[in-house]
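Asker: Dropping the structure in here first, questions after.
Every read-out reported here was derived from the displayed coordinates using simple, explicitly stated rules and does not represent laboratory data. Keep in mind the model is a prediction, meaning the values are calculated, not measured. All Cβ positions, even for glycine, are placed from backbone atoms using ideal geometry, and neighbour counts span all protein chains on display.
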Amino acid sequence: MEITEQPADDGITEGLKIVSYSLNSKGEYELVPGLGWQPVNVVNHQAWQEIEKKIASSREQVTAGRVSCLHYYMTANQMDIGLLARYTGQSRWLVRLHLVPFVFSRLRPDTLKKYADLFQVLPDDLVRGELKTPIYQHS
Amino acid sequence: MDASPLTDFSHRQSAHCESGVAANLLNHKGIPISEAMAFGIGAGLFFGYLPFIRINGLPLVTYRAAAGHILKQIAKIPGINMYQKKFRDQNQAMAELDAALEASIPVGLQTGVFWLPYFPRALRFHFNAHNLVVYGKQGDDYLISDPVFPEPVLCPAADLVRARFASGALAPRGKMYYLTKAPEVLDRRVLIILGIKSVCRMMLGSPFPLIGVRGIRFLAGRLAQWPSRLGRERAGLHLGHVVRMQEEIGTGGGGFRFMYAAFLQESAEELQDQYLRDCASSLTAAGDSWREFAARAARVCKDRARPGETYAAMAEQIRECAALEENVFRKLEHWVKRCP
């Protein structure tokens with residue numbers, strides 16, 4: 001890859017200049033700052049579209065009352081049942097159970113607090129079933 | 001507990017986190033070394049296609065050695081001592097970090113990217129093997145030299161605890177490390193030869209068909225079947241994933257091939273060896289071939305494929321990468337054998 005092939009696209013790095021190895025005119029490698037490469041932005045965009053699709057479908061399921069709002073927070077923070085179980089120190093089947101609205105609405109305050117701390121929201125938000133933004137979108 | 005920042009820690013931006021941290025820590029100990037050199041000596045190059053390990057439901061494709069491999073190799077160098085510790089208790093982990101900072105020691109940490117607030121949002125995935133160096137504390141914020149960032153950054157203590165105790169695959173469990181002893185000078189010649197030898201063995205000599213050059217060919221075979229086996233949409237996701245692993249931040253582009261070529265070039269300079277310089281150019285050609293594949297794959301993902309850009313054609317492109325790499329590593333293997 002030569003330096004001249006460096007793209008000028010803002011991409012997904014939000015203006016973060018990353019460095020990569022490129023050949024200069026003498027054929028020697030140099031670390032050159034850039035904003036990422038167009039094809040990378042395409043595939044990253046594709047990955048995010050997939051995640052957003054999942055989040056949207058989870059949102060629908062929560063509003064329809066088929067799953068508890070925990071499902072939304074799990075999906076929005078790109079976790080699955082296994083990872084959520086690890087983070088909260090519970091077994092997977094327990095977490096699976098908590099995805100059922102009937103069970104979730106009867107959770108003890110200390111269990112709710114575990115989830116609230118993990119997702120950086122208030123226990124009250126969980127009780128009221130508010131769908132707040134995922135952690136990586138907090139400013 | 002207010003450690004002042006170590007002003008003498010020089011932050012250098014690098015293309016890959018682990019080799020960047022290794023190089024920055026060695027530099028701090030008075031051994032001038034470039035990132036590419038640390039990558040090569042640490043034998044960081046690799047290829048593996050491991051479909052039984054899933055990332056978000058997609059098969060693992062890796063272009064570099066397992067996380068922690070480079071640091072492990074560096075720690076093994078005679079004369080270098082590295083202190084390493086994992087923790088159960090979060091408070092103890094932070095207390096030990098603070099104690100080291102108080103003693104003016106820059107500390108390497110393994111962290112989960114998802115919890116680092118200074119990362120661009122779109123890159124905050126659950127990836128738990130990101131390395132960085134903490135070198136000071138200002139109030140409740142830690143001063144961090146994150147090798148993929150141009151400047152040092154600040155991170156609140158609460159977030160750093162979460163990042164150090166991220167769960168899931170490759171959980172860091174608070175891992176911290178720093179160099180306690182480093183030799184005056186490194187015997188580069190020996191280290192370069194050993195590093196190249198180790199990479200040749202991984203790329204050519206693996207008995208498993210999923211690893212090294214054989215793994216690249218295996219991926220090519222699988223990739224050709226994706227549209228018929230998975231359907232168009234899933235095949236597109238798989239393809240995008242392969243490219244993402246190859247070109248993601250931290251690869252230096254071309255799935256680490258350019259970074260390794262830079263290492264070969266530097267070694268050629270160091271040892272005054274034209275043969276290595278030729279190998280570097282051959283590897284650059286392999287990297288360019290990977291890039292060509294990425295560009296095509298991106299067009300296919302976007303439904304803007306040019307005529308003839310099919311999965312079969314892309315598999316052929318990957319086979320060409322395999323052929324080019326096999327050629328390079330055979331040459332390097334030969335070179336290693338010639339070296340006493």
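Asker: On alpha-carbon atoms, Rg over Rh for the range B:220-340 using Kirkwood Rh?
Answerer: Looking at the range B:220-340, the ratio lands at 1.07.
Asker: Hey, what do the phi angles of the range B:220-229 turn into as Karplus ³J(HN,Hα) couplings, whole Hz, using 6.51/-1.76/1.60 and θ = phi - 60°, x for Gly and Pro?
Answerer: With the stated coefficients, the range B:220-229 comes to 4, x, 5, 4, 4, 8, 3, x, 7, 7 Hz.
Asker: In addition: If you average the C-alpha positions of the range B:130-178 and of the range A:109-136 separately, how far apart do those two centres end up, in angstrom?
Answerer: If you average the Cα positions of each part, the centres end up 25 Å apart.
Asker: What does the helix-only formula give at 222 nm for chain A: each DSSP H stretch with n ≥ 4 adding -39500 (n - 2.57), the total divided by the residues, and the result rounded to the nearest 500 deg cm²/dmol?
Answerer: The helix contribution divided over chain A gives -15000 deg cm²/dmol.
Asker: Within 10 Å of each residue's Cβ, count the other Cβ atoms and sort B:Arg232, B:Arg257, B:Arg338 from fewest upward.
Answerer: Going from sparsest to densest Cβ surroundings: B:Arg338, B:Arg232, B:Arg257.
Asker: With springs only between Cα atoms under 10 Å apart, run a GNM on chain B and tell me which of B:Leu71, B:Leu186, B:Leu132 wobbles the most.
Answerer: Taking springs between Cα atoms under 10 Å, the residue moving most is B:Leu186.
Asker: Let me ask something else. Using the Kirkwood formula on the Cα atoms of the protein assembly as shown, what hydrodynamic radius do you get, in angstrom to one decimal?
Answerer: Computed over the protein assembly as shown, the radius equals 23.6 Å.
Asker: To continue, here is another question. For B:Met82, what residues show an amide H to amide H distance below 5 Å, using hydrogens built from the backbone and excluding near sequence neighbours?
Answerer: Result for B:Met82 returns B:Thr180.
Asker: Checking the a/c ratio against 1.5 first, then a/b against b/c, what shape does the Cα gyration tensor give for chain B?
Answerer: Verdict is oblate for chain B.
Asker: By how many degrees, between 0 and 90 and to the nearest 10, does the Cα long axis of helix B:274-301 differ from the longest principal axis of chain B?
Answerer: 70 degrees
Asker: Something else about it: In degrees from 0 to 90, rounded to the nearest 10, what is the angle of the helix B:257-271 Cα long axis to the longest principal axis of chain B?
Answerer: Once rounded, one gets 70 degrees.
Asker: Now a separate question. Let me have the relative contact order for the range B:188-338, percent, based on Cα pairs under 8 Å that are six or more residues apart.
Answerer: Over the range B:188-338, the number comes to 33 percent.
Asker: Output wanted: per-residue J couplings in Hz (rounded whole) for the range A:111-121, from phi through Karplus 6.51 cos²θ - 1.76 cosθ + 1.60, θ = phi - 60°, x for Gly and Pro.
Answerer: Going residue by residue, I get 5, 4, 5, 4, 5, 4, 5, 4, 8, 6, 10 Hz, with x marking Gly and Pro.
Asker: Please work out how much length the chain gains when fully extended from A:Lys113 to A:Ala64, using 0.36 nm per residue of separation minus the C-alpha to C-alpha distance, in nm with one decimal. Write down the numbers at each step before the final one.
Answerer: Working: separation 49, 0.36 × 49 = 17.64 nm, distance 2.46 nm.
The A:Lys113-A:Ala64 span can extend by a further 15.2 nm.
Asker: Based on alpha-carbon centroids, what's the gap between the range B:67-115 and the range B:311-340 in Å, whole number please?
Answerer: Measuring centre to centre over Cα atoms gives 36 Å.
Asker: Would you mind checking which residues have amide H under 5 Å from B:Phe127's amide H? H placed 1.01 Å from N; only 5 or more apart, or other chain.
Answerer: For B:Phe127, the qualifying residues are B:Val113, B:Phe114.
Asker: Pick out which of B:Ile74, B:Ile196, B:Ile249 has the largest mean-square fluctuation in a Gaussian network model of chain B, springs linking Cα atoms closer than 10 Å.
Answerer: Comparing B:Ile74, B:Ile196, B:Ile249 in the GNM, the peak value goes to B:Ile249.
Asker: Another question about this same structure. Tell me which residues come under 5 Å, amide H to amide H, from B:Ala166 once H is placed; ignore anything under 5 positions away on its chain.
Answerer: It is B:Gly112, B:Arg173, B:Gly174, by chain and number.
Asker: Starting from the Kirkwood radius over alpha-carbon pairs of chain A, derive D by Stokes-Einstein at 25 °C in a medium of 0.890 mPa s and give it in µm² s⁻¹.
Answerer: The estimated diffusion coefficient comes to 139 µm²/s.
Asker: Classify the range B:153-306: rounded, prolate or oblate, from the alpha-carbon gyration tensor (a ≥ b ≥ c, eigenvalue square roots; a/c under 1.5 rounded; otherwise prolate if a/b is larger than b/c)?
Answerer: Since a/c reaches 1.5 but b/c is at least a/b, the shape of the range B:153-306 is classed as oblate.
Asker: For B:Trp290, B:Trp226, what ranking results if the residue with the fewest other Cβ atoms within 10 Å of its Cβ goes first?
Answerer: B:Trp226, B:Trp290
Asker: Let's see if you can work this out: charge +1 on each Lys and Arg Cβ, -1 on each Asp and Glu Cβ, no other charges. What is the dipole magnitude of the range A:15-127 about its Cα centre, in debye to the nearest 20?
Answerer: Approximately 420 debye in magnitude.
Asker: Spelling out what I want: for every residue of the range A:80-85, take phi, set θ = phi - 60°, compute 6.51 cos²θ - 1.76 cosθ + 1.60 (Karplus), and round to whole Hz; glycine and proline get x.
Answerer: Taking θ as phi minus 60°, the curve returns 10, 4, x, 5, 4, 5 Hz for the range A:80-85.
Asker: When Lys and Arg each count +1 and Asp and Glu each count -1, what net charge do the other residues less than 12 Å away from B:Phe39, Cβ to Cβ, add up to?
Answerer: Once all neighbours under 12 Å are counted, the net charge is -1.
Asker: For chain A, modelled as a GNM with alpha-carbon contacts under 10 angstrom, which of A:Glu30, A:Glu50, A:Glu60 fluctuates the most?
Answerer: A:Glu30
Asker: How do B:Arg64, A:Arg92, B:Arg54 rank when sorted from fewest to most other Cβ atoms within 10 Å of their own Cβ?
Answerer: Ascending number of Cβ neighbours within 10 Å: B:Arg54, A:Arg92, B:Arg64.
Asker: Once both labels are modelled 7 Å past Cα along the beta-carbon direction, what's the B:Glu233-B:Glu270 spacing in nm?
Answerer: 5.0 nm
Asker: Mean residue ellipticity at 222 nm from the helices of chain B, using -39,500 (n - 2.57) per DSSP H segment of n ≥ 4 over the full residue count, to the nearest 500 deg cm²/dmol?
Answerer: Calculated at 222 nm, the ellipticity per residue is -17000 deg cm²/dmol.
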